[in-house]
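Peer 1: This structure is in structure tokens; I'll ask about it shortly.
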Amino acid sequence: MNLIDSYKTEALLLENFIKEEEERKETERVAKELANIFNAGNKVLICGNGGSNCDALHFAEEFTGRFRGDRRALPAIAIADSSHITCVGNDYGFDSIFSRGVEAYGKAGDMFIGISTSGNSNNVIKAVEAAKKLGMKTCVLLGKDGGKLKGTCDFEFIIPGNTSDRIQEIHMMILHIIIEGVERLMFPENY
């Protein structure tokens, strides 16, 4: 077993993402959109399964808590409450756990972010559909070839890794960069 190969794989994924990101500037576009959304008094909803659920929680708490400096709390909700997920999963099925949260908390002018390392998570797909029906901006963080969600949202990030762990590592970096971008736009005094 050669763990150095794991580092090389991660470094190559990151290097390729940086090259593509320099051309697309997607993190900058999402940060600007989110800053506008927050300034208008709206919010962001985010969700994902497994480790991506943990990333969604982490993203939300960085806005409601503190990232780099003191500032007002910003409205970010991870659709991750265990009582909601188990209730909806029991009553409507697992594919509806996120879309029901979008229906409950989302409105036109908000943003929805879905995380799926395969791009094929039915519950994230249904949440994107619910967000679009409400007139929300949509963003997805995907892996591999982007799956069924590729090309369906206003903003997208596709990390072409082979394993969820490597994809999630880049996803978390993207989420942190978006948060920093929002803070730099809204609270430049902290930078």
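The values are calculated or read from the model by the stated rules, or taken from the named source; none is laboratory data. Remember, predicted model here, so these are calculated numbers, not experimental data. No Cβ is skipped: glycine too gets one built from the backbone with ideal geometry, and neighbour counts run over all protein chains shown.
Peer 1: Going by the structure shown, is Asp165 surrounded by fewer than 22 Cβ atoms within 10 Å (Cβ to Cβ), at pLDDT 95 or above, among the acidic types (Asp, Glu) and more than 28 Å from Gly41 (Cβ to Cβ)? Spell out how you get there, then give the answer.
Peer 2: Values: surrounded by fewer than 22 Cβ atoms within 10 Å (Cβ to Cβ): yes; at pLDDT 95 or above: no; among the acidic types (Asp, Glu): yes; more than 28 Å from Gly41 (Cβ to Cβ): yes.
No: the conditions fail for Asp165.
Peer 1: May I pose another question? Restricting the first residue to region 48-72 and requiring it to be of a type outside the set (Ser, Thr, Tyr), which pairs with a second residue that is at pLDDT below 95 and outside any helix (DSSP H, G or I) meet a Cβ separation below 9 Å and a spacing of at least six or different chains?
Peer 2: Correct list of pairs: Arg68/Tyr191; Gly69/Tyr191.
Peer 1: What do you reckon, is Ala80 more than 15 Å from Cys139 (Cα to Cα) and in contact with a Leu (Cβ under 6 Å, 6 or more places away or on another chain)? Quick ask: steps written out before the conclusion?
Peer 2: Values: more than 15 Å from Cys139 (Cα to Cα): yes; in contact with a Leu (Cβ under 6 Å, 6 or more places away or on another chain): yes.
In short, yes.
Peer 1: Restricting attention to region 139-153, report how many residues are surrounded by fewer than 21 Cβ atoms within 10 Å (Cβ to Cβ) and touching a residue at least 24 places away in the same chain (Cβ under 8 Å).
Peer 2: Within region 139-153, residues that are surrounded by fewer than 21 Cβ atoms within 10 Å (Cβ to Cβ) and touching a residue at least 24 places away in the same chain (Cβ under 8 Å) number 8.
Peer 1: Please name all residue pairs, on different chains or six or more residues apart, with Cβ atoms under 6 Å, provided the first residue is in region 180-191 and is in contact (Cβ under 8 Å) with a residue 60 or more places away in the chain and the second residue is in a helix (DSSP H, G or I) and surrounded by fewer than 16 Cβ atoms within 10 Å (Cβ to Cβ).
Peer 2: Tyr191/Arg184
Peer 1: Just for region 102-121: of the residues that are closer than 23 Å to Ala31 by Cα and small (Gly, Ala, Ser), which one is nearest to the chain's Cα centre (by Cα)?
Peer 2: Per the criteria, the residue is Gly114.
Peer 1: Next question, about the same structure. Of all residues in region 86-97, which are within 11 Å of Asn123 (Cα to Cα) and without any contact (Cβ under 8 Å) to a residue 24 or more places away in the chain? Can you show your working first?
Peer 2: Within region 86-97, the first condition is being within 11 Å of Asn123 (Cα to Cα), and the residues that meet it are 89, 93-97.
Once the filter is applied, which keeps residues that are within 11 Å of Asn123 (Cα to Cα) and without any contact (Cβ under 8 Å) to a residue 24 or more places away in the chain, region 86-97 yields Gly89, Gly93.
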